[in-house]
Amino acid sequence: MSRAALLLFIVVAGAARADGDPPYPKGSSSQSFAGLRFELVVPEDFEATKKYALAVVLHGAGGEEKSMAGTLAPLAKEGFVVCAPKSTAATWDTGDLEKVKEIVRHLMATLSIEEGRLHGMGFSNGGWNLAPLVFDEKLRFASACWVAAGYNGGKVPKRARTEMGAMALAGSEDGNRGAAEKTVDLLADKVRCVECRLQKGLGHEFPREHLPYYFYWVKVMDGRYEPGIDMSFAWSGDPVAAKADMAARKLGGFFYFHSTDDAGGEEGRRVQHEVFFDPLVRRFGGQLVAVKLDRASHAELFASLDLKTTPAVAVLAPDGKPKKTFEGKAIKESALAKALREFAPDKSVPK
C-alpha cells in the first residue's frame with residue numbers, strides 16, 4: 001500500500017469511529033490487509049493516547065490464524081496488540097512474509113504501537129520462516145521465539161546484541177528438538193539473551209506448559225519491570241522450609257531480597273533482567289534452592305545477614321550458613337555465578 005493510500009485509510013477509519021476508539025474493534029476480530037487475512041486482538045481497555053506493544057505470531061503448515069491469536073490473546077491484558085496473519089497457501093513464502101511486514105507497519109501507524117516494542121513468534125513452518133521478519137533491520141523487533149522449530153540462518157542485525165532477546169520452545173520428543181536446542185549456540189553471541197526450554201514427553205505440538213514463562217519473558221523483553229516479579233528460577237518464598245530442604249538434600253541455596261523501593265532505581269531491573277538472565281547464573285543457580293523474599297516481610301532475616309540495601313543476594317551453604325553476600329551494584333554476573341557454582345552439583349561450564 002502506498003503512503004497516500006495508508007494516510008487515506010487512517011483518515012477514513014478515524015472519521016468512522018468515536019474519538020479515542022481504535023481503528024479496529026477492541027477484543028478479537030478477523031481482518032485483512034495487503035492481501036492477507038489476519039486475526040487481531042486489541043486490548044479491551046485500549047486508549048489512543050497510550051503506547052502499546054505488538055506480538056506477531058506465524059502459524060505452522062496448514063495452520064490458521066484464529067488458534068494462533070488465541071494462544072497469545074492473554075497478552076492483550078498486558079498492553080499488547082496480538083496479530084496472527086494467515087499465509088496465502090498452506091505454508092509461508094517470501095511474498096507472504098513481505099505482506100506480513102506491511103501489516104506490521106500498518107498496525108504500528110494505526111494502533112499506537114511504540115517503536116522497538118515488536119515481538120515475533122513462529123510455530124513449526126512459521127518458525128522456519130521467522131528470521132526474515134524478526135531480523136528485518138527497519139522493523140526493529142525486540143524479541144523472537146521459535147516454537148517446534150529453530151533459528152536456521154539469516155543475517156542477524158548488529159543491534160540485536162544489546163536490543164533483542166531470543167527463545168526456542170519445543171517438546172522433548174519433537175523431531176525439531178535439535179534445531180530448537182541449537183538455536184542457543186547459533187545466536188549466543190548475536191543477541192542480548194537466548195535460551196531453549198523443552199516440555200517433557202511432548203511431540204511436535206505447541207509446548208503450552210511453557211506459555212506462562214513466555215508471557216513473563218516477553219514482558220521483560222518489552223522493558224517491563226516490577227520488583228520481585230521474576231521467573232528465572234523455581235522460587236520458594238519460605239526461608240525456613242528452604243533451609244530444611246537444603247540440609248536434607250545437602251544442597252546449597254541462595255536468597256534474593258527485593259523491595260518496592262527498587263522500583264525507582266535501575267539496580268533491581270539490572271539484577272532481574274540482566275544478572276538473572278546470565279547463562280552461568282541460570283545454570284548454577286537453577287541447581288540450587290532458590291528463595292525470593294520481600295525485604296519488608298523478612299526484615300529480621302535481612303538484618304541477620306548484615307545486608308543494608310536491596311536488591312541483595314545471599315548464597316548459602318547446605319547447612320544454611322551464608323557464604324557470600326552481594327548488594328546493589330556489587331551484584332555482578334561473574335561473581336554471582338562463581339559463588340553459586342561452589343555449591344552446584346554439576347560445576348561444568350558448557351563449551
Open item on the list: Tell me yes or no: at least one residue of the stretch 216-223 is buried (at least 23 other Cβ atoms within 10 Å of the Cβ), closer than 16 Å to Leu72 by Cα and in contact with a Pro (Cβ under 8 Å, 6 or more places away or on another chain).
Closed with: no
TODO: List the number of the failed condition for Val240; all other conditions in (1) among the hydrophobic types (A, V, I, L, M, F, W, C); (2) in contact with a Lys or Arg (Cβ under 9 Å, 6 or more places away or on another chain); (3) without any contact (Cβ under 8 Å) to a residue 60 or more places away in the chain; (4) in a helix (DSSP H, G or I) hold.
DONE: (2)
- [ ] Sort out which residues of the stretch 117-155 are among the hydrophobic types (A, V, I, L, M, F, W, C) and part of a strand (DSSP E or B), and write them in order of number.
- [x] Leu118, Met121, Phe123, Phe141, Ala142, Ala144, Cys145, Trp146, Val147
Open item on the list: Quick check on this structure: which one of Phe233, Phe302, Phe255, Phe284 is surrounded by 15 or more Cβ atoms within 10 Å (Cβ to Cβ), among the aromatic types (Phe, Trp, Tyr), outside any helix (DSSP H, G or I) and assigned by TED's automatic domain parsing to the domain that holds Ala330?
Closed with: Phe255
Task: Lone unmet requirement of (1) in a strand (DSSP E or B); (2) charged (D, E, K, R); (3) more than 30 Å from Ala312 (Cβ to Cβ) for Arg197 - done: (3)
Open item on the list: Can you tell me which residue is nearest to Gln272 (Cα to Cα) among those in the stretch 311-351 that are among the aliphatic types (A, V, I, L, M) and either touching a His at 6+ places or on another chain (Cβ under 8 Å) or part of a loop (DSSP other than H, G, I, E, B) (or both)?
Closed with: Ile331
Task: Residues located in the stretch 329-339, provided they are surrounded by 17 or more Cβ atoms within 10 Å (Cβ to Cβ) and more than 24 Å from the chain's Cα centre (by Cα) - done: Ala339
- [ ] State which residue is farthest from Val220 (Cα to Cα) when the search covers only the stretch 76-104 and only residues that are among the basic types (Lys, Arg) and free of Cβ contacts under 8 Å to residues at least 60 places away in the same chain.
- [x] Lys86
Open item on the list: What's the total number of residues in the stretch 287-299 that are over 18 Å from Gly328 (Cα atoms) and outside any helix (DSSP H, G or I)?
Closed with: 4
Open item on the list: Scan the stretch 130-142 and tell me whether some residue there is at positive phi, touching a strand residue (DSSP E or B) at 6+ places or on another chain (Cβ under 6 Å) and surrounded by fewer than 21 Cβ atoms within 10 Å (Cβ to Cβ).
Closed with: yes
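The values are calculated or read from the model by the stated rules, or taken from the named source; none is laboratory data. Here the structure is a predicted model, which means the values were calculated and not measured. Ideal geometry is used to build each Cβ from the backbone, glycine not excepted, and the neighbour counts take in all protein chains shown.
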